[in-house]
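Structure, as structure tokens:
The values are calculated or read from the model by the stated rules, or taken from the named source; none is laboratory data. Nothing here was measured: the structure is a model prediction, and the numbers come from that model. Positions of Cβ are generated from backbone atoms using ideal geometry, with glycine treated the same way; all protein chains shown enter the neighbour counts.
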Number of protein chains: 2
Amino acid sequence: MTTTPRRARAPRQSDVARLAGVSQSAVSRVIGGDTDAARIPEATVRRIQDAIKELGYVPNPTARKLRTGRNRLLGVHTFEAVFPRAREDFYFEFLLGIEERAEEIDHDLVLFTSTGGSDGRRRVYRDGVNRLNVADGAVLLGVAADRAELARLEADGYPFVHIGRREVPGTRITCVVPDYESAAAAIVDRLADLGHERIGYLRAGIEEESYADRRRGYESAVARRGLRDVSPASPGLEEGRLDAAWLDAVATGEVTAVVADAEWLAHPLADGLADRGLTVPRDVSVAVLEGVAPDAPVRWDCLQIPRREVGRLAIDTLVGMLDEPGEPVADVLVECVVVEGETVAAPPAGPSGDTRGSTV
Amino acid sequence: MTTTPRRARAPRQSDVARLAGVSQSAVSRVIGGDTDAARIPEATVRRIQDAIKELGYVPNPTARKLRTGRNRLLGVHTFEAVFPRAREDFYFEFLLGIEERAEEIDHDLVLFTSTGGSDGRRRVYRDGVNRLNVADGAVLLGVAADRAELARLEADGYPFVHIGRREVPGTRITCVVPDYESAAAAIVDRLADLGHERIGYLRAGIEEESYADRRRGYESAVARRGLRDVSPASPGLEEGRLDAAWLDAVATGEVTAVVADAEWLAHPLADGLADRGLTVPRDVSVAVLEGVAPDAPVRWDCLQIPRREVGRLAIDTLVGMLDEPGEPVADVLVECVVVEGETVAAPPAGPSGDTRGSTV
DNA sequence: ATTCTCTGCTCATACGTATGAGCAGCGACT
DNA sequence: AGTCGCTGCTCATACGTATGAGCAGAGAAT
């Protein structure tokens with residue numbers, strides 16, 4: 001049993017200094033490595049280093065943080081549990097990227113798991129205390145992100161980045177988001193290239209910031225390519241069914257291709273079309289503006305959200321903010337890959353169809 | 001745009017104090033809630049609280065940590081990436097429990113992801129700095145845990161708990177481990193109850209601390225029940241095949257049941273037995289001393305490692321150490337459930353078999 | 001009138017580090 | 001003899017909080 005006796009108190013720089021016969025600041029400088037600026041000769045440096053070894057001195061990160069304001073600690077705040085029940089969990093892939101990148105640039109991650117409230121909801125402020133403050137900055141993610149908390153965080157000047165677009169009036173928060181706008185436009189372009197002229201957009205009923213991006217991309221591409229937009233009047237689902245009148249219109253050939261906001265919209269769409277005797281993609285093409293699970297029953301034409309890359313870029317953006325405080329940071333767009341599936345084809349050469357608009 | 005102008009400097013207690021016309025310590029006491037001990041009347045408390053609200057004051061966790069030594073931050077150090085590629089990952093379930101429990105007791109988690117070294121290996125000490133120090137204590141896990149680092153950590157008096165047994169000579173490190181010993185004994189008991197009298201133990205070649213626990217449980221139960229142990233001379237696999245001589249002995253009825261250290265040993269075992277015309281469990285029973293993937297091709301009789309619970313207990317144990325520093329903490333054993341599968345049955349009533357030893 | 005007790009605070013310090021400013025000593029140069 | 005410049009450090013302070021000790025004043029008791 002040669003165990004070192006448990007030290008009552010960890011050695012500090014002043015202990016090292018005493019042993020080496022120098023001042024605490026000399027020790028600090030040697031550790032900080034600015035021996036040139038402080039003009040400490042090699043002999044003294046070695047003496048100090050020996051003392052450090054002998055005492056087993058280890059810098060105190062808390063004191064460092066207090067002094068310098070930096071920690072190499074990056075926060076991750078999710079509004080739900082971080083370790084997901086299912087690997088397919090929405091967050092999961094983001095976290096993979098976050099951890100990967102943090103490791104590469106030698107930072108540690110703080111997972112803010114404590115709820116603080118009795119309601120069990122995760123919040124940033126717990127009885128007025130910004131818990132994130134331990135970390136140099138934080139990456140926030142989660143659909144339920146409380147907008148008031150984000151505004152307060154921003155007002156407090158806390159450096160953070162949000163994964164996914166989140167807009168709060170009167171506040172400029174930095175987001176890292178998939179480039180839905182370009183991706184939506186690319187999908188419309190592809191449909192146009194194939195000869196489609198009349199297309200529709202099926203949106204989710206839920207109001208969400210990222211919807212605006214997709215919609216914008218869709219609309220600009222529709223205008224640019226001179227297409228006709230025939231979207232349903234009522235957005236999304238109604239009692240599990242889509243707008244019947246609009247589906248009937250699709251059946252009469254009013255629309256030859258549909259862009260759906262999400263996969264869960266595409267399935268009822270396909271059902272509704274099947275009810276009316278239409279087959280995808282022979283009669284109607286369908287593309288999905290969202291990543292699709294690899295084991296989905298239908299191989300949708302869709303776009304793939306680069307979640308891993310988004311996570312990585314969130315870290316880089318955050319660290320950029322820390323390095324250049326005060327500088328306003330623009331949102332970061334991450335390109336989406338358009339995946340070709342089995343649900344998009346050329347439009348049928350029906351009575352109402354001609355290929356005047358085709359660029360192929 | 002009514003955004004609060006970005007404060008150059010976050011307000012501190014002294015700012016609050018000035019506004020409320022009191023001293024900094026009064027503010028600290030009000031925040032700390034020990035207004036009784038400090039005899040601060042309600043009116044003053046309210047004045048201070050108003051000032052806190054007006055300035056949007058938020059305590060600085062770093063300063064707090066420096067002063068009190070506590071953070072409500074618990075470290076998690078894994079020697080590989082935390083967010084696993086596969087959900088079946090060994091660590092995964094532990095982390096689930098860790099996060100769950102940390103959330104319940106209102107602590108945050110620090111994920112030590114940084115490598116510090118150029119070799120890309122995750123280490124506790126990076127150029128002599130104990131990175132874990134930011135957190136109040138840490139849970140370590142990972143088969144590759146460097147023993148020297150553990151010893152140093154212990155010598156430094158850093159509070160930590162290791163998931164899985166890890167022994168370092170001359171050092172007493174606290175582990176939270178599945179109770180393999182009892183589980184192995186329970187499995188042997190079950191075999192004995194079924195009437196087996198001659199059994200063997202198939203161990204993994206890899207030297208590992210937890211092996212000792214299992215072996216101990218096995219041996220004590222074998223002795224207690226008066227069984228005969230006929231284990232192979234050579235442990236584990238050799239060139240992908242098990243000890244042939246021993247397998248032949250099993251084929252002649254020398255052994256009617258085998259306890260295997262791990263699932264990957266059980267498969268070649270079953271193959272070897274099949275080669276000799278034996279069927280599991282009709283001719284030979286096989287039990288596995290390790291959890292088995294739910295989608296395994298064979299429904300082994302095995303024991304289930306309560307990983308989630310181990311994670312939770314690791315947190316509790318760690319917090320206990322923080323609350324009572326100095327107290328030695330015994331290892332924590334977590335009971336394993338023995339799962340009945342389809343690979344254990346009563347021994348065949350062969351020429352060499354009698355039921356004298358059966359207690360059923 | 002003096003002492004005692006209680007209230008309502010304040011003072012001072014410690015936690016461990018980083019860093020700008022400065023100082024003593026020495027050799028060199030004018 | 002004076003001063004310039006360099007070396008090799010040290011001094012002092014700030015970061016923001018928590019806390020033991022103590023102090024001034026008011027009222028009560030003797």
Which pairs do you get when a residue that is within 6 Å of DNA strand C (Cβ to nearest atom), found in region A:9-29, comes within reach of a residue that is at pLDDT below 90 and of a type in the set (G, A, S), reach meaning Cβ atoms under 6 angstrom, with the pair 6+ apart or on two chains? A:R29/A:A38
Expected single match for modelled with pLDDT under 85, more than 7 Å from every other protein chain (Cβ to nearest Cβ), part of a helix (DSSP H, G or I) and within 16 Å of the chain's Cα centre (by Cα) among A:E93, A:E88 is A:E93
Members of region B:222-234 that are part of a helix (DSSP H, G or I) and farther than 10 Å from B:I199 by Cβ: B:A223, B:R224
Looking only at region A:195-221, filter to residues that are within 21 Å of A:L269 (Cα to Cα) and part of a helix (DSSP H, G or I); which one of those is farthest from the chain's Cα centre (by Cα)? A:E219
Residues being under 16 Å from B:E309 (Cβ atoms) and charged (D, E, K, R): count how many of those fall in region B:166-187. 1
What's the number of the condition B:A135 fails, among (1) within 10 Å of chain A (Cβ to nearest Cβ); (2) surrounded by fewer than 23 Cβ atoms within 10 Å (Cβ to Cβ); (3) at pLDDT 65 or above? (2)
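Matching residues to (1) within 14 Å of another protein chain (Cβ to nearest Cβ); (2) in contact with a strand residue (DSSP E or B) (Cβ under 9 Å, 6 or more places away or on another chain); (3) surrounded by 19 or more Cβ atoms within 10 Å (Cβ to Cβ); (4) at pLDDT 95 or above:
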site: A:D156; (1), (2), (3), (4): yes, yes, yes, no
site: A:I163; (1), (2), (3), (4): no, yes, yes, no
site: A:G170; (1), (2), (3), (4): yes, no, no, no
site: A:R203; (1), (2), (3), (4): no, yes, yes, no
site: A:A212; (1), (2), (3), (4): no, no, no, no
site: A:R228; (1), (2), (3), (4): no, yes, no, no
site: A:E239; (1), (2), (3), (4): no, no, no, no
site: A:L242; (1), (2), (3), (4): no, yes, yes, no
Checking the structure you have, find out if any residue of region A:6-17 is modelled with pLDDT of 90 or more and small (G, A, S). yes
Of the conditions (1) assigned to a helix (DSSP H, G or I); (2) among the aliphatic types (A, V, I, L, M); (3) closer than 22 Å to A:Y91 by Cβ, A:A192 satisfies every one except a single condition; which number is it? (3)
Count, please, the residues in region B:53-85 that happen to be of a type in the set (F, W, Y) and either over 26 Å from A:Y158 (Cβ atoms) or at pLDDT 85 or above (or both). 2
Among the residues of region A:96-126, which ones are at pLDDT below 65 and within 17 Å of the chain's Cα centre (by Cα)? none
With (1) at pLDDT 85 or above; (2) among the polar types (S, T, N, Q); (3) more than 30 Å from B:E104 (Cβ to Cβ) as the list, and B:S358 as the residue in question, which single condition is left unmet? (1)
